[in-house]
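Values quoted throughout were computed directly from the atomic coordinates according to the rules given, and no laboratory measurement underlies them. Since the structure is predicted, the reported quantities are computational estimates derived from the model, not experimental observations. No Cβ is skipped: glycine too gets one built from the backbone with ideal geometry, and neighbour counts run over all protein chains shown.
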Ligand code: SF4
C-alpha cells in the first residue's frame with residue numbers, strides 16, 4: 001500500500017458513481033482515483049473489489065474522508081494507495097494496516113483466511129485434486145460441482161462458458177447450486193450475433209447474476225490484428241490475442257475453473273478426469289464422461305432453449321470465421337477450424353496438465 005501526498009494523474013470518480021460507469025472509465029484508465037466523501041460510505045470498497053474481480057489491473061487510489069482504521073480494508077479490497085490529507089498521521093495508517101496478521105474472509109489480496117490455511121496445511125493442491133477425484137468417482141455431474149463449490153474447500157471458482165451449442169447443460173446444473181457463481185464469457189469480437197443473443201437469453205432464463213464479458217486488450221488488438229483478419233493467416237496467434245491472454249487476465253484471483261469439456265470431443269480430451277491441475281489452478285470437468293445423447297436428453301428434460309444456430313446444423317459453436325456446420329451424424333467438433341490441424345483454441349492447452357489423480 002502506498003501512502004500518497006497527492007493523487008497521480010488519472011480518471012477520478014466519486015464512490016457514488018454506478019458500477020457500470022466506473023467499469024467503463026476503468027477500461028481505458030491506467031490510474032483510477034475513487035473519491036470517498038464520508039468514511040461511513042462502503043461503496044468505494046465494493047467498487048474496488050468488483051473491479052479487481054473483473055480483471056482491472058491498473059492502479060486504484062482512494063482519496064477523501066477516510067480514517068487509519070480503514071487502511072487494511074482498503075488494501076484487501078484492491079486499492080494500491082491512499083491519498084492522506086494534510087496533517088495525516090502516516091504512522092497511524094501504517095500501524096493499522098499491519099495491526100492484524102489473520103484474516104477470516106477471502107479478499108483481493110493474497111492473504112489466506114484462517115480456515116483456508118488449515119485446509120492448505122493439511123493438503124497440497126495435488127492432494128486436493130487426488131482426493132476430489134477419489135471422492136467423486138461414483139458421483140454424477142452435480143456431485144462433482146457440489147464438491148468443487150463446497151465452501152469448506154475455500155476455492156474461488158468460475159465457470160468458463162462459450163454459450164455455445166451445449167453450454168446450457170453446465171450452466172443449468174451450476175445455476176441450481178449457485179446462480180451467483182461467476183461465469184466468464186470470452187467476448188472475442190468474432191462471435192455470431194446469435195451467440196450474443198443466446199448468452200443474454202440463457203443467462204436470464206437461468207437467473208445467472210455474474211456473467212463476465214472478457215474482451216481482448218484494445219491496444220494489443222490494434223497492434224496485432226488491425227484488419228481483424230489474423231484468423232486467416234495465423235489462427236493460433238488470433239486465439240492467443242482474443243482468448244488466451246484475456247482469459248489469463250480474467251482469472252486473476254480465481255483458483256478453480258469449471259469447464260464443459262467432454263472426453264468424446266477430441267483426442268486431447270479422451271483421458272479427462274473430473275478434477276485436474278492446470279497451470280497451478282484446479283480445473284473442474286463435471287461433464288467429462290457425458291455423451292451427446294445425454295446432452296440432448298438433458299436439454300429435453302429441462303426444456304432448455306437451444307442456441308439459435310443449432311437447428312441450422314451447427315454443433316460446436318465458436319467464432320464465426322472458424323465455425324462451420326457439420327453433416328448429420330458427423331462429430332460436432334469437425335465444425336471448428338474445419339480443414340486445419342487445429343482442434344483447440346489454446347485456453348485448455350498451454351503448459352501440459354500435470355498428471356495427478
Ligand atoms: S476461434 Fe478463430 S476468430 Fe476466434 S479467436 Fe480463434 S482464430 Fe480468432
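Taking 0.36 nm per residue of separation and subtracting the Cα-Cα distance, what length does fully extending residue 6 through residue 140 add?
Extra length from residue 6 to residue 140 when fully extended: 42.6 nm.
Looking at the chain, send over the antiparallel percent of its DSSP beta bridges, to the nearest 5.
That works out to approximately 20 percent antiparallel.
For the stretch 2-105, report the % of Cα-Cα distances exceeding 16 Å.
Of all Cα-Cα distances in the stretch 2-105, 54 percent exceed 16 Å.
Under a GNM of the chain (C-alpha, springs under 10 Å), which listed residue has the highest mean-square fluctuation: 189, 164, 339?
Answer for the Gaussian network model of the chain: 339.
So for 192, 36, 275, fewest C-beta neighbours within 10 Å to most, what's the order?
192, 36, 275
Of the peptides 238-251, 193-206, how do they stack up when ordered by the mean number of other Cβ atoms within 10 Å, highest first?
Highest to lowest by the protection proxy: 238-251, 193-206.
If you average the sequence gap of Cα pairs under 8 Å that are 6 or more apart and divide by the length of the stretch 1-138, what percent do you get for the contact order?
22 percent
Given a cut-off of under 8 Å on Cα pairs at least six residues apart, what relative contact order in percent is computed for the stretch 98-216?
Rounded, it is 20 percent for the stretch 98-216.
With the chain treated as a Gaussian network of Cα nodes joined by springs under 10 Å, which of 257, 183, 15 yields the largest mean-square fluctuation?
Comparing 257, 183, 15 in a Gaussian network model of the chain, the most mobile one is 15.
Just check the stretch 180-279 against the gyration tensor rule for me: Cα atoms, a ≥ b ≥ c as the square roots of the eigenvalues, rounded for a/c under 1.5, and otherwise prolate or oblate depending on whether a/b exceeds b/c.
Oblate is the answer for the stretch 180-279, as a/c is 1.5 or above yet b/c matches or exceeds a/b.
Can you tell me, using C-alpha contacts under 8 Å and at least 6 residues apart, the relative contact order of the chain as a whole percent?
Reported relative contact order: 15 percent.
Need one word for the stretch 210-357: rounded, prolate or oblate. Basis is the Cα gyration tensor (sqrt eigenvalues a ≥ b ≥ c); a/c below 1.5 gives rounded, then a/b vs b/c decides.
Oblate shape, in that a/c is at least 1.5 and b/c is the bigger or equal ratio.
Per DSSP H run of at least 4 residues, take -39500 (n - 2.57); add these up for the chain, divide by its residues and hand me the 222 nm value, nearest 500 deg cm²/dmol.
Calculated from helices alone, the mean residue ellipticity at 222 nm is -9500 deg cm²/dmol.
When the Debye formula is applied to the Cα atoms of the chain, each taken as the same point scatterer, what base-10 log of I(q)/I(0) results at q = 0.11, 0.14, 0.15 Å⁻¹?
-0.84, -1.23, -1.35
Could you order the peptides 61-71, 92-102 from most to least packed, using the average number of other C-beta atoms within 10 Å per residue?
61-71, 92-102
Tally the DSSP beta bridges in the stretch 2-105 and give the antiparallel ones as a percent, rounded to 5.
0 percent
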